[in-house]
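Worksheet: one structure, shown below.
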Amino acid sequence: MRRAGGKGLVMFFAIYSQRGFHKPPLPTLDQEPLEALVRQLESYACKSPQGYRLRVTLLALLGYAYIGGIFGGLVLLFFKLVAFQSVVLILVGLISLFWIRMPPPKGVRVDRTHCPLLFAELDQLSAALKTPTIHQVVITTDLNAAVLQAPKLGIFGWYTNYLLLGLPLMRSVTPKQFRATLAHELGHLSGNHSRFSGWIYRVRYAWLKLSQQGDRPPLLMYPFFKWYEPFFRAYTFVLSRSNEYVADRCAAEYAGVQNAAEDLIQIHLQGTHAARIWRDFYQQKAQHAKVPANAVSHLITSLERGIAPESVQAWLELELARQTGYEDTHPCLSERLTAYGYQSDAARLCPLPFPVEQSASKYFLAEEERSITALLDAQWKAEHTKFWQTHYARRQEREAFFQQLQAQAEGQLLTVEQSLKLAMLTAEFVGSAAAIAQLASLTQKFPAHAAIKYELGKLRLQQQQAAGLADLLAALQHASYLLIPGFEFLYAALLQQGKQALAQSYLQQLRQQLPIWQRSQKERETVTGKVCFLPHSLPETEIRQITWHLTRYPEVREAYLVQRQVKYLPENPAYVLGVVCQFDRQNPMTSLRNWELVDVLGQTLCLSAEVRVIPLEGRREIYQALRKTSTAKIV
């Protein structure tokens, strides 16, 4: 995958997420053991490449051997116990458990009749890289590109090869730059490089996909599967990351180092730009219940308008400051550019983003681009109808909550957290000026409250008010968990003000603090039954607020509140609120599902500490751990 910066972009061979409800997390190793294992394997693979390949091969074969053993043992058993016809039915049922059900990727399929230049390029590239046949080329709404190999026989293969090309990406780069994207994607399938790596990629994906089907694997597979899938995924991490460098080399060999590097920079910048366009689009359209009919064309048109010059340097420098981690097999931008031998400083000598006199979409899709855009608009509208209804309902709930807080503020004193929430909702529904006035009044009453200072500083800087700098700095002195977003905001704001030297000082601090902050974020996002949970220490007033909110929803059957022990940034306490949901039989049409309820609670709770709300359905280990913690049950 030609991985872009910004949120909402998928990983190579990843499952394409649907907007809507979250799914339970995949089984995984704890972060520190995972990182330790990957570092150990990186060292071992460097010293003994053949030894590492042998271990990976044996580990992959172990998965097949276990499944074969289960099938073989059960077939022999059933042959002795039941009739042949029954054995066949049982065998078919067992095979179906390991069948990977994967619908075709969404988008607009194109062929060589309508897009001859695109397919001529693919023919030339496939011949040069000796890739298998690309069965379908699909134009999507992502600012991304990917090769997807969909197995017809589950973990046993027989693949349909899809090439997914995002229309926003094609509109954001030149034809020469786009050739690097095509070469990177097909480079993952290249016969000029390791077929072994391609096989492991496919096996890795098949197990990943199998882990995402249903709540849990069959009973006979579960103990093995629970250990094997996350371990195999972690063990092959080194190989998967090295394949990204191989694919990048294909891009450089085919399109040239300059085009390949500029393509990466362009995609990262436009990825951040696209994320902001989507954010503004949802905010502007959320007040209408009707699903927008022009979402994709709006994105395309907005991308054509370009990026504000003062934002370009900030976005690039912040992206270059990020370091390669272990959450994604893709290396960070700076390491990929270094591998190309491309000096990122050279990018500053050219206008950024790089000028696109003729886009790749105009060149390769020609007259078909307009009809493809219209089809993608229609698909987006059809696919997002349910999500948009939920999005609209959430906005209505936020507005109702805003009005409720306003009424409470007139009749009684709000808590400081409720007052802060009221100010932020004021910014959303009334405007920044009114919110700044509220926050300024709050900071006089609570001068040591970091979150109030932080939000006030951000809003003031957005309004070009110099006082915002002092507010933001005061907040960062008392809240380490705000350092990275605070430094990012300071850097961008100071660049806009022309204060280059001061901006660079905060960028340097961001680079120094980023690793520990990233570890803290990952630690807090990962909630498993192995986490050490402690009795909560929130004030009684906030406990009453939580229970009051929970009892308003008949969908809540039980609720448990605990404090989780954290290693990184422990001065910022972390809490977990686990909710056991049930179906509201009295109001079935409006009954909230698990993650819907979590979203609603996240909007209405006004607490002094970070509280992560999670549904406990399908999370038995976490549920048992919370139940064992004293004073945890609050509903």
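Each reported figure results from applying straightforward, stated rules to the coordinates on display, with no laboratory input. Everything numeric in this text was worked out from a predicted model, so none of it was measured. Glycine also receives a Cβ, built like all others from the backbone with ideal geometry; neighbour counts cover every protein chain displayed.
Between region 486-533 and region 30-62, what is the separation of their alpha carbon centroids in Å?
Rounded to whole Å, the Cα centres lie 31 Å apart.
Mind scanning Lys285/Lys421; Lys106/Lys362; Lys567/Lys628; Lys106/Lys386; Lys226/Lys567; Lys386/Lys458 and naming the pairs with a C-alpha gap bigger than 28 Å? Mind showing how you got there, number by number?
Values: Lys285/Lys421 22 Å; Lys106/Lys362 22 Å; Lys567/Lys628 22 Å; Lys106/Lys386 17 Å; Lys226/Lys567 26 Å; Lys386/Lys458 34 Å.
Listed pairs above 28 Å: Lys386/Lys458.
Which of the trypsin sites (Lys or Arg not before Pro) found in region 393-464 are in a DSSP loop and have at most 14 neighbouring Cβ atoms, other than their own, within 10 Å?
Answer by residue number: there is no such site.
Tell me, Lys530, Lys381 in order of fewest to most beta-carbon neighbours within 10 Å?
Final ranking by Cβ density, sparse to dense: Lys530, Lys381.
Report P(r) for region 415-564: all Cα-Cα distances, bin width 5 Å, range 0 to the bin holding the largest distance, values in whole percent.
2, 8, 14, 15, 16, 16, 14, 9, 5, 2, 0, 0
Along the three principal axes, how long is region 227-361 when you take its alpha carbons, biggest first, rounded to the nearest angstrom?
Principal axes ranked by extent give 48, 47, 28 Å for the Cα atoms.
Each residue of region 492-503 in turn: what ³J(HN,Hα) in whole Hz from Karplus with 6.51, -1.76, 1.60 and θ = phi - 60°, glycine and Pro shown as x?
5, 5, 5, 5, 4, 7, x, 9, 4, 4, 5, 4
Apply 1/(1 + (r/R0)^6) to the Cβ-Cβ distance of Gln258 and Asp328, taking R0 = 22 Å, and write down the FRET efficiency to the nearest 0.05.
0.30
Within 10 Å of each residue's Cβ, count the other Cβ atoms and sort Tyr52, Tyr363 from fewest upward.
Tyr363, Tyr52
Quote the convex hull volume per residue of region 413-492, based on C-alpha atoms, as a whole number of Å³.
For region 413-492, the hull spanned by Cα atoms encloses 87 Å³ per residue.
Give me Rg over Rh for region 533-628, both radii from the alpha carbons and Rh done the Kirkwood way, two decimal places.
0.97
Work out from phi, with θ = phi - 60° and the Karplus expression 6.51 cos²θ - 1.76 cosθ + 1.60, the ³J(HN,Hα) of each residue of region 538-544, listed in order in whole Hz, and give x for Gly and Pro.
Listing the rounded values in order: 6, x, 4, 4, 6, 4, 5 Hz.
Extending each Cα 7 Å along its Cβ direction at Gln358 and Ala501, get the distance between those two points in nm, one decimal.
4.7
What percent do you get for the relative contact order of region 533-628 when only Cα pairs under 8 Å and 6+ apart count?
Computed value for region 533-628: 30 percent relative contact order.
Please give me, ordered by residue number, the GluC sites (Glu not before Pro) of region 255-343 that lie in loop per DSSP and have at most 15 other Cβ atoms within 10 Å.
Listed in order of number, the matching sites are Glu327.
What is the dipole size for region 399-525, taken about its Cα centre, with +1 at each Lys and Arg Cβ and -1 at each Asp and Glu Cβ, in debye to the nearest 20?
Working: 10 positive and 9 negative charges, 89 e Å.
Dipole size: approximately 420 debye.
Can you list residues from other chains, or at least 5 along the same chain, whose modelled amide H is less than 5 Å from the amide H of Ala574?
Amide H neighbours of Ala574: Arg564.
Residue by residue through region 294-305, what is 3J(HN,Hα) from phi via Karplus (6.51 cos²θ - 1.76 cosθ + 1.60, θ = phi - 60°)? Round to whole Hz and write x for glycine and proline.
10, 4, 5, 5, 5, 4, 4, 5, 5, 5, 5, 5
Taking amide hydrogens as modeled 1.01 Å from N in the peptide plane, which residues meet the under 5 Å criterion relative to Ala559, leaving out close sequence neighbours?
Val580, Ile634, Val635
Collect residues whose amide H, placed 1.01 Å from N in the peptide plane, falls under 5 Å from the amide H of Val613; neighbours closer than 5 in sequence don't count.
Residues meeting the amide H criterion: Leu577.
Would you mind working out the magnitude of the charge dipole of region 533-628 relative to its Cα centre, with +1 at each Lys and Arg C-beta and -1 at each Asp and Glu C-beta, to the nearest 20 Debye?
300
How about Lys633: which aspartates and glutamates have a C-alpha closer than 12 Å to its C-alpha, ignoring those fewer than 8 places off in the same chain?
Glu558
Defining a contact as two alpha carbons under 8 Å apart and six or more residues distant in sequence, what relative contact order in percent does region 399-525 show?
Here the relative contact order equals 14 percent.
Normalised by the residues of region 299-412, what does the relative contact order come to in percent, with Cα pairs under 8 Å and at least six apart?
It rounds to 15 percent for region 299-412.
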